[in-house]
Amino acid sequence: MNNFTRTLLAIALIFTFPFTSLAQKPGVTKYKCMVQMTNYVGEDAYVVVSLINPKGLYEKTLYVMGPDKKWYTHIKEWHKFNSKKPANISAITGASVAGGDRSVTTFEIEDSKLNAGYKLRFETAVEDKQYYAKDIEVPLTTEGVSSKTEGTNYIRYVRFSQN
């Protein structure tokens, strides 16, 4: 192999190596989640997606739709959990969602949680309107993450697909 070929190979390896670490972690599945809001009138909704363990307790915050921390106290049940066990949520925070709009995000869930009694809770709050601790709860089952789940309040439905 001549020097030019070696140099090209070295450059290719240098630029390829960082992207191999972006591959999916073993034992973890990425899920794309689409949230469709109802056509309510009012401010944008803050939505928190949490992993709920089989005992009904918060285990992990998966995603927060709403960037302004001053409103997190309005998402009451999640805020109690997050205050006791604060997580760095900056990497899992996005825009709030307006009535009639939809939001698509991706989050990772450990495979061991699937079909083991866990749920995904969607908690919603809208300024000057009612707060819902359980706008939607989706059983973390093979069926639950492969079908559409109807909401009860600000969320019309959620739908998942594996990423």
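Quick notes
- Residue among Asn39, Asn82 that is more than 16 Å from the chain's Cα centre (by Cα) and either over 22 Å from Ser146 (Cβ atoms) or modelled with pLDDT of 80 or more (or both): Asn39
- Restricting segment 104-135 to residues that are small (Gly, Ala, Ser) and surrounded by fewer than 19 Cβ atoms within 10 Å (Cβ to Cβ), the residue that is nearest to Asn53 (Cα to Cα): Gly117
- Condition check for Asp128: of a type in the set (Asp, Glu), under 29 Å from Gly27 (Cα atoms) and touching a residue at least 12 places away in the same chain (Cβ under 8 Å): no
- Filtered residues of segment 57-73 (kept if surrounded by fewer than 16 Cβ atoms within 10 Å (Cβ to Cβ), part of a helix (DSSP H, G or I) and out of contact with any His (no Cβ under 8 Å at 6 or more places or on another chain)): Lys69, Lys70
- When segment 140-156 is limited to residues that are in a strand (DSSP E or B) and of a type outside the set (Lys, Arg), the one that is farthest from Lys113 (Cα to Cα) turns out to be Ile155.
- Test result for Phe107, closer than 16 Å to Tyr31 by Cα, of a type outside the set (A, V, I, L, M) and either at pLDDT below 95 or in contact with a Pro (Cβ under 7 Å, 6 or more places away or on another chain) (or both): yes
- Unique match (being within 16 Å of the chain's Cα centre (by Cα) and either at pLDDT 95 or above or more than 16 Å from Asp135 (Cβ to Cβ) (or both)) among Lys30, Lys70: Lys30
- Set side by side, the residues Ala133, Ala91, Ala87 differ, and just one is over 15 Å from the mean Cα position of the chain (by Cα) and of a type outside the set (D, E, K, R), which is Ala133.
- Considered as a group, the residues in segment 25-63 that are of a type outside the set (A, V, I, L, M) and touching a Gly at 6+ places or on another chain (Cβ under 6 Å) include one that is farthest from Val104 (Cα to Cα), and that residue is Pro54.
- All conditions but one from (1) touching a Pro at 6+ places or on another chain (Cβ under 9 Å); (2) not in a loop (DSSP other than H, G, I, E, B) apply to Gly117; the one that does not is (2).
- Answer residue from segment 85-104, given it is under 16 Å from Cys33 (Cα atoms) and of a type in the set (S, T, N, Q) and is modelled with the lowest pLDDT among those: Thr93
- Only one of the numbered conditions (1) over 29 Å from Lys70 (Cα atoms); (2) free of Cβ contacts under 8 Å to residues at least 40 places away in the same chain; (3) touching a Ser or Thr at 6+ places or on another chain (Cβ under 7 Å) is violated by Asn163, and that is (2).
The values are calculated or read from the model by the stated rules, or taken from the named source; none is laboratory data. What you are looking at is a predicted structure, and each value in this text was computed from that prediction instead of being measured. As a convention, Cβ positions derive from the backbone with ideal geometry for all residues, glycine included, and neighbour counts pool all protein chains shown.
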